[in-house]
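Taking it in order: structure first as structure tokens, then the write-up.
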Amino acid sequence: MSVYVNDLRSAVYAFPVLAFIIALPFMWWHYHKYGAVSRWRVFWTYIFVFYLLCAYFLIILPLPDRAVVAKLTTPKYNLVPLTFIREFLKYNPLQLGNVYTWKAALLAPTVIQPAFNVALTIPFGAFLRYYFHRPWWQVIISSFCLSLFFELTQLSGLYGVYPRPYRLFDVDDLLLNTTGGWIGCGLARLVMPILPTDAQMDHSAPKRAENVSMWRLAGFVVDWLAALLLATLIGVAVSLIGRVSAPGWLTWAVLFLWLVRPPTFGRQTLGMRTVRLQMRTMQDNPVYWWQPAVRFLVGYGVPVGVLYGTAECVNAMNGIGFSRFTWAGVGMLAGLLVLSLMFGDWLLAFVMRSHLLVFEWVTRTKLVNK
């Protein structure tokens, strides 16, 4: 059981980044359709992605050493259906006439393993029925395909990473996973009357079309990824042509030009175009030439400078001890305080449509739906 808990913990660690990457295309489509995204849609999408991550990690983790796997002589697959029933009858300690054996029987691997394989796909079937509105026969087929993907992942040795399978390809798992999806479909039908309908989930989305809080972050991520990719390509070209390392300020120069130049000339950055936003003054006029540059310096330069300064203070305190008063300690505390205030500023902007971020207040600019 501790192994499964560790697998789930790994999913929790990886979830924030992977869930955002996987769910972003759906939210982007929904945003362009309604001009906003329903909080219920975001919630169910993230829950579904998180479930898939957990399920995937549960079937591949823990990852053994390649040398250990190369020495394995255990069977690679089982193609005999209903083997789990024969193993239950042969190895399970259950004696119906002896109640003292019931607990041991329920906790035996011959019960835990099949029950786990059934439970693994119950959420999948429930999601397909409730959220994606798939009929029962499509749920069964989809559950079988998901199970087959899991089993082929194991049979391939994690797509060739390992010289041979380190887990058994079992036809019984296909049967049990498919059964779990079918059960999940039935359970979803029972609870659907108390869950929000599509109309209820999408009802408030058009009303939030003017709320750009969430999409400032999405546009920010798109612009940063694009700018970092461009800076990397330029750095590689400089290294190949000039045979020298790219200067450390190159990334910041590219990022500055990427984010500042388009708004200066009344255009949108790639991230703004992706989520249909445009930079305007508080009076809803085109921005002046200096406002995007100041916005960048206050919005990005200050947080990065504070992070750098805080890290330097922490490094200066190494070997001195955190219990002694030093100016580095004061600097570290001050940096943490400023970062906390910045985080609170972003959090307020995320939950309150009327809240202005510091760099918006300083430059008197805002992002509006285009």
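Every number here is computed from the coordinates shown, using simple stated rules; none is lab data. What you see is a predicted model, and the numbers here were worked out from it, not measured in a lab. When we count neighbours, we look across all protein chains shown, and the Cβ atoms used for this are built from the backbone with ideal geometry, even at glycine.
Quick notes on this one:
- Distance between region 153-195 and region 120-141 - C-alpha centres, whole angstrom: 12 Å
- Coupling constants for region 284-297 follow from the phi torsions by the Karplus curve (6.51 cos²θ - 1.76 cosθ + 1.60, θ = phi - 60°), and in residue order they are 6, 10, x, 6, 6, 4, 8, 5, x, 5, 5, 4, 5, 5 Hz; glycine and proline get x.
- Leu152, Leu72 arranged by Cβ crowding within 10 Å, fewest neighbours leading: Leu152, Leu72
- Amide H contacts under 5 Å for Phe169, placed H, 5+ residues apart: Tyr77, Asn78
- Ascending count of other beta-carbon atoms within 10 Å, so fewest first, for Thr83, Thr121: Thr83, Thr121
- The chymotrypsin sites (Phe, Trp or Tyr not before Pro) of region 248-281 meeting both criteria, a DSSP state outside H, G, I, E and B (loop) and at most 14 other C-beta atoms within 10 angstrom of the site's C-beta, are Trp249, Phe265.
- Likely footprinting exposure, His133, His355, fewest C-beta neighbours within 10 Å first: His133, His355
- Karplus-based coupling profile of region 61-67, in residue order and whole Hz: 9, x, 7, x, 6, 4, 5, with θ = phi - 60° in 6.51 cos²θ - 1.76 cosθ + 1.60 and x standing for Gly or Pro.
- With θ taken as phi - 60° and the Karplus curve 6.51 cos²θ - 1.76 cosθ + 1.60 applied, the whole-hertz 3J(HN,Hα) list for region 70-77 is 4, 8, 5, 10, 6, x, 8, 7 Hz, x standing for glycine and proline.
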